[in-house]
Amino acid sequence: MNEFKLNQLDVGLRWFLAIFLFVLAMGVTVGLVYVSTTTDINPQGTVEHYVGSEVDDFDIPEKYPKSVDAMLLTTHTHIIAFALIFVLLGGLFYYNSIISATWKNVLMIEPLLATLVTFGSIWGIRFIHPAFSYLTILSGSLMYLSFYTMTTILLYDLIFKK
């Protein structure tokens, strides 16, 4: 059976998908910049973002602990948004002509699992122990690495591969 590949699409549809992927990558990158500015992408900054700043009795904290409502809103919106992003990206990635078999499946499934671990572990930071920040950073890094790897491969496949 001859399997369909993205690089076989009409040039207009290939460019449409490539521009979609570029715009999606810009949106995800802006989110990553936001994470960088609010947590400094380190364990201490991540803990402070969710648990709040440590202060003396008469000081005003720079950051307040996240309420359960704020945690629920963050978790809800991000899990839904990332699930949609990764189902679209994974659906396209399935038809790429560059990566196949095991690595294709790993790159399609990993970011969905990492989404659950990342946004589950922020609850661990807030309510169990600050050490969950290491899990948040690790799973978030894997999630973004998968996103950018798939996006780069797809853009190459759509724009340059004949």
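Check whether at least one residue in the range 109-125 is in contact with a helix residue (DSSP H, G or I) (Cβ under 8 Å, 6 or more places away or on another chain), in contact (Cβ under 8 Å) with a residue 60 or more places away in the chain and buried (at least 16 other Cβ atoms within 10 Å of the Cβ), and report yes or no. Yes - at least one qualifying residue is present in the range 109-125.
One residue stands out in the range 134-158 among those that are loosely packed, with under 15 Cβ neighbours inside 10 Å and in contact (Cβ under 8 Å) with a residue 24 or more places away in the chain: the one that is farthest from the chain's Cα centre (by Cα), namely Tyr134.
Note on the range 65-91: residues that are more than 22 Å from Thr151 (Cα to Cα) and among the aliphatic types (A, V, I, L, M) total 5. Looking at Ala70, Ala131, Ala83, just one residue is in contact with a helix residue (DSSP H, G or I) (Cβ under 7 Å, 6 or more places away or on another chain), surrounded by fewer than 17 Cβ atoms within 10 Å (Cβ to Cβ) and aliphatic (A, V, I, L, M), and that residue is Ala83.
No value in this document is a laboratory result; all are computed from the given coordinates. Because the structure is a prediction, the values reported are computed rather than measured. All Cβ positions, even for glycine, are placed from backbone atoms using ideal geometry, and neighbour counts span all protein chains on display.
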